[in-house]
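Every number here is computed from the coordinates shown, using simple stated rules; none is lab data. No experiment lies behind these values; they were computed from the predicted model shown. Ideal geometry is used to build each Cβ from the backbone, glycine not excepted, and the neighbour counts take in all protein chains shown.
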Amino acid sequence: MSTEMLKDALDFDLLADVFVTESIVASPSELHGQLCGYLASGVTLLLEDWLTMVAEFCDIEEWKDDASRSAMVALYTSTLTLLQNGEFALVPSICDEDAALSERGTTLSQWAHGFLAGYGLSGQKNALSDETKQILRDVANISAMQADMQALEDSNDNEADLTELVEYVRLSAMMMYTEYHEINPDVDHTQKTTFH
């Protein structure tokens, strides 16, 4: 599957539509951050465990629509493939460039909050490198900026700063993942999904 098709599964609007269909009030960005944080910790996350995590996060017992469940499977398989294929093409699922800067900033803070939660949920017990500790501190700071992000006004300076933060969390998540996992350019987890 092409990188662009993999990234499509991470599209914020697509996930937001799923949340509306399923009457979920949580943040799609936070859910994707949680997945990335869990995977970046070095702990293996099986698909069925991911689906259980989604149900708990979203406070649902079952899917109203099979397409919603399929979107969550695609989110998992695409994220895992993008982390593992060595192309460094993973993107956080946040509002796109058409949205107001404040919305994009807010969803980035939500993604960062989810990343920390996922990392914590993984139960990772390895000694952390200084670089990983710094990344987690930085992501915590971004997570804590939600109120500031909501007040962010559209300007070229703010746009540049936000773009830099998005790039930082994007690359940091992938660097943390590669610290614990082998890179495999031929991997495509979307082809292996037989879980029902």
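Once you've got the GNM for the chain with C-alpha springs shorter than 10 Å, pick whichever of E103, E167, E61 has the biggest mean-square fluctuation.
E61
Taking R0 as 35 Å, what FRET efficiency do you get between A26 and H181 from their Cβ-Cβ distance, rounded to the nearest 0.05?
Efficiency for this residue pair is about 0.80.
If a/c stays under 1.5 just call it rounded; otherwise compare a/b with b/c (prolate if a/b is bigger, oblate if not). Do that for segment 3-191, with a ≥ b ≥ c from the square roots of the Cα gyration tensor eigenvalues.
Because its axes are fairly even, with a/c under 1.5, segment 3-191 counts as rounded.
If we count other beta carbons within 10 Å of each Cβ, what is the order of C95, C36, fewest first?
C95, C36
Within a 10 angstrom radius of the beta carbon, how do M1, M53, M176 rank from fewest other beta carbons to most?
Lowest to highest Cβ neighbour count: M1, M53, M176.
Could you work out [θ]222 nm for the chain from helices alone, using -39500 (n - 2.57) per DSSP H run of at least four and dividing by all its residues? Round to the nearest 500 deg cm²/dmol.
Value at 222 nm, helices only, nearest 500: -20500 deg cm²/dmol.
What nm value, rounded to one decimal, do you get for the distance between S155 and E97 when each label is placed 7 Å out toward the C-beta?
Result for the modelled spin labels: 2.1 nm.
Compute the relative contact order of the chain as a whole-number percentage, counting only Cα pairs closer than 8 Å that sit 6 or more residues apart in sequence.
The normalised contact order for the chain reaches 34 percent.
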